[in-house]
Amino acid sequence: MNTEKKTTGPLEGVRVLDLTTMIAGPVATMMLADQGADVIKVETTSGDLMRRLAKGRNGMNPAFLSANRNKRSLAIDLKAAEGRAIVHRLIATADVLAHNFRTGAPERLGVAEAEVRAIRPDIAFESLVADITDPARQSEFARIPSECDVGICAADNEPAKFAFDALMRAAGKPWTLGEVLSGGIGGWVHRFEPGGACYGCVASYLQREVTEQPSGPPADYSDPNAAQPEATIPATKASIAVIAGLHATVTLGMFEGDPPPDFTSLLFSLQAVPGVFEVAFRSHRLRIARSPTCLTCGTPATAPTGDALDAAVADALARLGPR
């Protein structure tokens, strides 16, 4: 356990119990530590996964260190009764509890809100379960864009991006999206304006026209259950920071009403990769128009009937050629 605590600042005297992992949570608590808070990071006995997702030495790498600086730390097995007892003693001394466990895990690990407040009633505990694709919560989520000026999205799965796009289009609000490419070789920043191209328009265009990663071996369709190579490679903290910075800059310009830049989508290369990027540190600007045939925002075509249907079928058969 690291017991040193030297940083001072406006949050000196505030204790934060940090149960977060990976990037987003640790960076948030790192910011509190930078301001003088006493942040105690609790890891599993095998360590935060970030320790193993980049090159380093003795379980330390730049990504992990930069997200966990100025913290004290210890390893605890929260699945064991003894480990939970230790965490409960720490909760009794904490002002803030931070975690990013998936739904259901806090209850199993003894850190659900009711259990935490039974130990420390006045602790700062903010829980946001935000599955943006949850049908039962769409009316709740639909109210949120009406209160914002610009939406900011950094989701890493397609259903969430489409759901975010639908919410912002329904509210008539602009939004931005940042995406880091596999392995941190580069990244995207997309701008979406009311009435312009939706995420479906942009995604379908990029799928057809842009190569984002090196081509791999073809799938073995003779054995669908065979093991497949990993499709994504974790990005470094540095590459994430670069694309996040671009994303923030584009978003700030939209928020402040700056003249629109000459792109819908900005692709920035961070590495030279054969078949993808010829050189590193080059920007590629794409202006993508709204597609009238887009399945997401386009006007649905009227299905032909009667003679029109017969003519459409005949035309399709003619284009197929003789059998």
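Might you let me know whether region 62-70 holds any residue that is surrounded by fewer than 18 Cβ atoms within 10 Å (Cβ to Cβ) and touching a residue at least 40 places away in the same chain (Cβ under 8 Å)?
Yes.
Those residues that are assigned to a loop (DSSP other than H, G, I, E, B) and hydroxyl-bearing (Ser, Thr, Tyr), I need them from region 108-166; list them, please.
Listed by number, the residues that qualify are SER127, THR133.
When the residues of region 90-126 are filtered to those that are small (Gly, Ala, Ser) and touching a helix residue (DSSP H, G or I) at 6+ places or on another chain (Cβ under 6 Å), which remaining residue is modelled with the highest pLDDT?
ALA92
What is the residue count in region 256-297 for residues that are touching a residue at least 40 places away in the same chain (Cβ under 8 Å) and either assigned to a loop (DSSP other than H, G, I, E, B) or exposed (fewer than 12 other Cβ atoms within 10 Å of the Cβ) (or both)?
So the answer is 17.
If I ask for residues that are over 27 Å from the mean Cα position of the chain (by Cα) and modelled with pLDDT under 85, which ones from region 58-82 would you list?
The one that is over 27 Å from the mean Cα position of the chain (by Cα) and modelled with pLDDT under 85: ASN58.
Yes/no matrix, rows are residues, columns are (1) farther than 18 Å from GLY178 by Cβ; (2) at pLDDT below 90:
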| position | (1), (2) |
| --- | --- |
| TYR221 | yes, yes |
| ALA235 | no, yes |
| GLY275 | yes, yes |
| ILE288 | no, no |
| ASP315 | yes, yes |
| GLY321 | yes, yes |
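Looking at (1) under 30 Å from GLU43 (Cβ atoms); (2) modelled with pLDDT under 90; (3) assigned by TED's automatic domain parsing to the domain that holds ALA244, which is the one condition that is false for GLY187?
(2)
Name the residues in region 128-149 that are within 16 Å of PHE255 (Cβ to Cβ) and either in the same structural domain as VAL96 (by TED's automatic domain parsing) or buried (at least 16 other Cβ atoms within 10 Å of the Cβ) (or both), would you? Explain how you work it out, then say what you get.
Step one: of region 128-149, the residues within 16 Å of PHE255 (Cβ to Cβ) are 145, 147-149.
Scanning region 128-149 gives a single hit, PRO145.
Could you tell me which residue of region 13-61 is surrounded by the fewest Cβ atoms within 10 Å (Cβ to Cβ), considering only residues that are among the basic types (Lys, Arg) and without any contact (Cβ under 8 Å) to a residue 12 or more places away in the chain?
Here the residue is ARG57.
Looking at region 173-187, can you tell me whether even one residue there is in a loop (DSSP other than H, G, I, E, B) and surrounded by fewer than 18 Cβ atoms within 10 Å (Cβ to Cβ)?
At the first step, the residues of region 173-187 found to be in a loop (DSSP other than H, G, I, E, B) are 173-174, 181, 185.
Applying the additional criterion that residues be surrounded by fewer than 18 Cβ atoms within 10 Å (Cβ to Cβ) yields none.
Checked against the condition, which is being in a loop (DSSP other than H, G, I, E, B) and surrounded by fewer than 18 Cβ atoms within 10 Å (Cβ to Cβ), region 173-187 yields no hits at all.
State which residue is surrounded by the most Cβ atoms within 10 Å (Cβ to Cβ) when the search covers only region 89-122 and only residues that are charged (D, E, K, R) and either outside the structural domain of ILE40 (by TED's automatic domain parsing) or farther than 18 Å from THR44 by Cα (or both).
Out of the qualifying residues, it is ARG120.
May I ask you to verify whether PHE125 is in the same structural domain as GLY25 (by TED's automatic domain parsing), surrounded by 12 or more Cβ atoms within 10 Å (Cβ to Cβ) and among the aromatic types (Phe, Trp, Tyr)?
no
Within region 150-165, can you find the residues that are surrounded by 14 or more Cβ atoms within 10 Å (Cβ to Cβ) and free of Cβ contacts under 8 Å to residues at least 24 places away in the same chain?
Hit for region 150-165 is ALA155, nothing else.
List every residue pair whose Cβ atoms sit under 6 Å apart, with the two residues 6 or more apart in sequence or on different chains, where the first one lies in region 220-247 and is in a loop (DSSP other than H, G, I, E, B) and the second, anywhere, is at pLDDT below 50 and surrounded by 19 or more Cβ atoms within 10 Å (Cβ to Cβ).
Here the result reads none, with nothing in region 220-247 linked to a residue that is at pLDDT below 50 and surrounded by 19 or more Cβ atoms within 10 Å (Cβ to Cβ).
The values are calculated or read from the model by the stated rules, or taken from the named source; none is laboratory data. This one's a predicted model, so the numbers in the text were calculated from it and none came from an experiment. Cβ coordinates were reconstructed from backbone atoms using ideal geometry, including for glycine residues, and neighbour counts include every protein chain displayed.
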